[in-house]
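K.L.:
Have a look at the structure that comes next, please.
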Amino acid sequence: MRIQEHIAKLSWTGADKLLAIVYGFVQIIQFRTLPAEEFGRFALLNGLVLYVFAISDSFALQGIIRFGTGAQRGSAVAMSVQWHGKIVVSVIILALALSVIGSGAVMLADAVVVAVRYVPILLLAGCVRVVGLRLLYRDIQMKEVFWVNTAYYGTMTILTVIFLGQNMLTSFEHLAWITICGHGASSLSSAWFTRSSWQWRIDAGFNKRDFTRFGADQTIIGVVHNGVRQLDVYAVQFFFGVGVVGLYNSAKTLFRVCTDITDAIAGILYPIATRLYAEHRLDELASVLSKALSFLILGFAGIALSSFWGMTAMVLRWVLPVHYEGAIHHFVVLTWIAPFLPLTMLGGALSGIGQSRAVLRSVWWGGGAGAIMLCAIGLTHNATLVPLGYGTYMAVQGMICWYALQQHVPLRITDLGRAIPDTWQYARHLLGKSSSQVS
């Protein structure tokens, strides 16, 4: 299997991630309008909601892909939807209870309690979106994924422009409602594109035990993995306050250019790895994985070098307001550790070939190392180094996944550099082609 065979899907994936990049510029405008404290409160809300959806995806929705072939395809969807609904409803009830009890009774910071009040409506608005996206990823329908996310980012962009035109974008509550509308529009579009894929009946012969066991393994992985990615803002809030949360989350928002690209390619690699491994086409699987890894590492290394030479900070100082100077320092630290990020894609490949326990070990070791690093930074009161907690997790988890995958797929350390000769050969081909046309 060659990369060229998937160029159309990769093109739609690239266009999809371009949406996130464009919306990143919209968020820069939001940064310029809102104080860091208000953006920090929104970060607490958004991080919690994304974490809930990620856990539901780990336990319920991953099964759509894992058990999404053959006669069990419809039952897997029905089982996934049922568990997804139970998880979302349970969290909504808990969020409502915490909102009623208040901060004094449960020893939560006021900023956290305010954020929790918006969790139920945001979960309701986005619950269909996440199911629809998983169904589309199962069938590798990247064109439809693009349009679902166009509804998401497009709605939020239009509302941001309207709010700014009316001078109404002044608090985190406004950002919350913009996000709620984006999730709602995206849920409607995903429901339309996947209307023929939804199933509600579980066949008698469907193995619920295997589904639940697989979901349990994925959930243990997701609790740590997504906890580091989404809930680290709560640790930052504990050590440094909501203002630093706003700065750090602004840097993470800018860094999404890297994380979204990595996640998108990982979403494509997961079903590919599942199919190729089942068909014992290990050399083809190794080729696809090594090319994806190598080109991403090369690109992220270029970003890291630009930050090292000060080019990234110079550009960000031009677009960000003065009170977000701390976000620039955070972003530079994130770019230094970006070359480790592509290795985290291998967790999805390991899950696809049935090695969930190896992924579990990687996230626990990585999560533990990241938590220790973040606590050490908090105790030394050095807010600039906050991103190293996330960076430590990425590096440790990615390297463990690489070692584990080598036990099942013929990958070599030299494969990580194959993008360099491939790029050189392609450049020579283009130069030779242009020279022949001139002559």
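K.L.:
Just to be sure I understand the filter: pairs with C-beta atoms under 7 Å, separated by 6 or more residues or on different chains, first member in the range 83-110 and assigned to a helix (DSSP H, G or I), second member modelled with pLDDT under 80 and surrounded by fewer than 14 Cβ atoms within 10 Å (Cβ to Cβ). Which pairs pass?
P.N.:
Leu98/Val106; Ser103/Asp110
K.L.:
Identify, from the list Gln166, Gln199, Gln218, Gln237, the residue that is in the same structural domain as Ala273 (by TED's automatic domain parsing) and not hydrophobic (A, V, I, L, M, F, W, C).
P.N.:
Gln237
K.L.:
What are the residue pairs meeting all of these: first residue in the range 337-351, first residue under 15 Å from Phe295 (Cβ atoms) and assigned by TED's automatic domain parsing to the domain that holds Cys258, second residue among the aromatic types (Phe, Trp, Tyr) and not in a helix (DSSP H, G or I), Cβ atoms under 6 Å, and 6 or more apart or on different chains?
P.N.:
Pairs found: none.
K.L.:
Another question, then. Do we have any residue at all in the range 48-65 that's surrounded by fewer than 21 Cβ atoms within 10 Å (Cβ to Cβ) and over 23 Å from the mean Cα position of the chain (by Cα)?
P.N.:
Among the residues of the range 48-65, not one is surrounded by fewer than 21 Cβ atoms within 10 Å (Cβ to Cβ) and over 23 Å from the mean Cα position of the chain (by Cα), which makes the answer no.
K.L.:
Residue check: is Val257 assigned to a helix (DSSP H, G or I), assigned by TED's automatic domain parsing to the domain that holds Leu346 and over 19 Å from the mean Cα position of the chain (by Cα)?
P.N.:
No; evaluated as a whole, the condition is false for this residue.
K.L.:
Further question: Taking the range 226-281, which residues are among the acidic types (Asp, Glu) and in contact with a Lys or Arg (Cβ under 7 Å, 6 or more places away or on another chain)?
P.N.:
Within the range 226-281, Asp260 is the sole residue that qualifies.
K.L.:
Right, another one. I'd like to know if the range 177-200 contains one or more residues that are of a type in the set (Val, Ile, Thr) and either surrounded by fewer than 18 Cβ atoms within 10 Å (Cβ to Cβ) or touching a Pro at 6+ places or on another chain (Cβ under 7 Å) (or both).
P.N.:
no
K.L.:
Quick check on the range 201-213. Is at least one of its residues buried (at least 20 other Cβ atoms within 10 Å of the Cβ), more than 22 Å from Leu341 (Cα to Cα) and modelled with pLDDT under 80?
P.N.:
Within the range 201-213, one or more residues are buried (at least 20 other Cβ atoms within 10 Å of the Cβ), more than 22 Å from Leu341 (Cα to Cα) and modelled with pLDDT under 80.
K.L.:
Here is a follow-up. Quick test of your reading of the structure: Gly154 fulfils all but one of (1) surrounded by fewer than 22 Cβ atoms within 10 Å (Cβ to Cβ); (2) touching a helix residue (DSSP H, G or I) at 6+ places or on another chain (Cβ under 6 Å). Name the failing condition by number.
P.N.:
Exception for Gly154: condition (2).
K.L.:
Sticking with this one: How many of the residues making up the range 118-155 are outside any helix (DSSP H, G or I) and charged (D, E, K, R)?
P.N.:
Residues that pass the stated criteria total 1.
K.L.:
Taking the conditions exactly as written (modelled with pLDDT under 80 and either within 18 Å of the chain's Cα centre (by Cα) or under 17 Å from Arg213 (Cα atoms) (or both)), does Gly68 satisfy them or not?
P.N.:
It is true that Gly68 is modelled with pLDDT under 80 and either within 18 Å of the chain's Cα centre (by Cα) or under 17 Å from Arg213 (Cα atoms) (or both).
K.L.:
Something else about it: Having 1 or more residues that are over 26 Å from Ile220 (Cβ atoms) is the bar; report the helices (runs of 4 or more DSSP H) wholly within the range 319-397 that clear it.
P.N.:
Counting at least 1 such residues, we get 325-336, 356-380.
K.L.:
State yes or no: is Leu360 crowded, with 22+ Cβ neighbours inside 10 Å, outside the structural domain of Gln30 (by TED's automatic domain parsing) and farther than 22 Å from Ala292 by Cβ?
P.N.:
No; evaluated as a whole, the condition is false for this residue.
K.L.:
Let me ask another. Inside the range 355-375, can you point out the residues that are without any contact (Cβ under 8 Å) to a residue 12 or more places away in the chain and farther than 21 Å from Ala338 by Cα?
P.N.:
Listed by number, the list is empty, since nothing qualifies.
The values are calculated or read from the model by the stated rules, or taken from the named source; none is laboratory data. Please read all numbers here as calculations on a predicted model, not as lab measurements. Please note: Cβ atoms are built from the backbone with ideal geometry, for glycine as well, and neighbour counts cover all protein chains shown.
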